[in-house]
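Below is one structure; the comments refer to it alone.
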Amino acid sequence: MLAVRRHAINPLLLKLELTESVVLEDIEESICKMRALKDFGVRFAMDDFGTGYSSLTYLKRLPLDQLKIDQSFVRQISNDQADRVMVMAIVDLAMNFELDIIAEGVETEAQFQLLHRFGCGSFQGYLFSKPVPLAEFEALLPQGTALEPGV
């Protein structure tokens, strides 16, 4: 938190994305550190959910705010029943734990429509934009919006 204070960053604007493998290297230490940061207002997202060592016990214990559905489940969602079932289960799980959900790797309108219908409210992927340099990103922001230095 020293860096947050030194640079006068509002911790409520921070969301750290963690992978299951990193968190589960030492689950007790991870939970302790996450809770300490959460007390400052930092939020947490579990990235690539469902591709690692997913356990409902860990999901219950971790102070998460968001699950990110891995693109491997999204890629074939339009024509693979198993992927559709998996995504619906993850969305239902997130909703029941009162977690935000974001789908990664959304590339087609059909994927977007299915995910939206299943209850997913946030999306990332080439359907919306490919990665862009900072200057191009800033041009996408509404007029009068500026990023703080270092953001």
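The values are calculated or read from the model by the stated rules, or taken from the named source; none is laboratory data. Nothing here was measured: the structure is a model prediction, and the numbers come from that model. Quick reminder, even Gly has a Cβ in these numbers, built from the backbone with ideal geometry, and neighbours come from all protein chains shown.
Quick look at the values:
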quantity: Residue identified as closer than 17 Å to residue 98 by Cα and either out of contact with any His (no Cβ under 8 Å at 6 or more places or on another chain) or part of a loop (DSSP other than H, G, I, E, B) (or both) among 16, 12, 37, 59; calculated: 59
quantity: Residue in segment 1-22 that is farthest from residue 51 (Cα to Cα), counting only those that are touching a residue at least 40 places away in the same chain (Cβ under 8 Å) and touching a Lys or Arg at 6+ places or on another chain (Cβ under 9 Å); calculated: 15
quantity: Tally, over segment 85-114, of residues that are over 24 Å from residue 55 (Cβ atoms) and either surrounded by 17 or more Cβ atoms within 10 Å (Cβ to Cβ) or touching a residue at least 60 places away in the same chain (Cβ under 8 Å) (or both); calculated: 4
quantity: Condition check for residue 82: small (Gly, Ala, Ser) and in contact (Cβ under 8 Å) with a residue 24 or more places away in the chain; calculated: no
quantity: Residues (surrounded by 15 or more Cβ atoms within 10 Å (Cβ to Cβ), of a type in the set (A, V, I, L, M, F, W, C) and at pLDDT below 95) located in segment 47-66; calculated: 49, 59, 62
